[in-house]
Amino acid sequence: MITDCPHCESTNVIKRGQRKTKNGTIQVYGCNDCKKRFSSGISDILLDETDALRKANIVLLRNNCVIAEENVKLRLEIKSIQLEKDSQLKVNNDLIDQNARCKQKCELVVNEKNQILREKERRLAACKPVSAHLRNSNWTYRIEDIPGGFKIIDTVMFK
């Protein structure tokens, strides 16, 4: 027996006679809410199957919604990870660039210092100071040969 209207799903249903078909007699029902008529028999089976399919579709839709939400969350996580990775790569590239600039500055300073040292060595090589010790009784003089003469560096008295 049918208890719900297939059109409005109301339970306010009454019997409204029978209908004869090739397969036999089928009960006819009427809905007091929507005023539509419907019959039992094969249509009941179809309605039950349709109802079961509808419920299964609702479950599938809910599952699809859950899966879609999970997909959105995963995409957001992937995007976040990609952004984090891109950000880290940018930081790494910035550090590499900074390191290269620092290295260039250091090389310039080292080259400049080396030029200064080479210039000092060249000047010293031109001077070629000569140290000598002269001893006069109790005194020792240390002199150095410089351009244009000699220079007394220090004197030491011996006892």
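Computed from the coordinates by the stated procedures, all read-outs in this text should not be read as laboratory data. Owing to the predicted nature of the structure, the values given are computational and were not obtained by experimental measurement. Here the Cβ is made from the backbone with ideal geometry for all residues, glycine too, and neighbour counts use every protein chain on show.
Need the full-extension length gain, residue 20 to residue 7, defined as separation in residues times 0.36 nm minus the C-alpha distance. One decimal, nm. The partial results should precede the final answer.
Details: separation 13, 0.36 × 13 = 4.68 nm, distance 2.25 nm.
Between residue 20 and residue 7, full extension yields 2.4 nm more.
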Which of the lysines could a cross-linker bridge to residue 22, judged by Cα under 25 Å and excluding same-chain residues fewer than eight apart?
36
How many nm is it between the label spots at residue 54 and residue 101, if each spot is 7 Å from the Cα in line with the beta carbon?
7.0
The Cα extents of segment 1-121 along the principal axes, largest first and rounded to whole Å, are 126, 28, 14
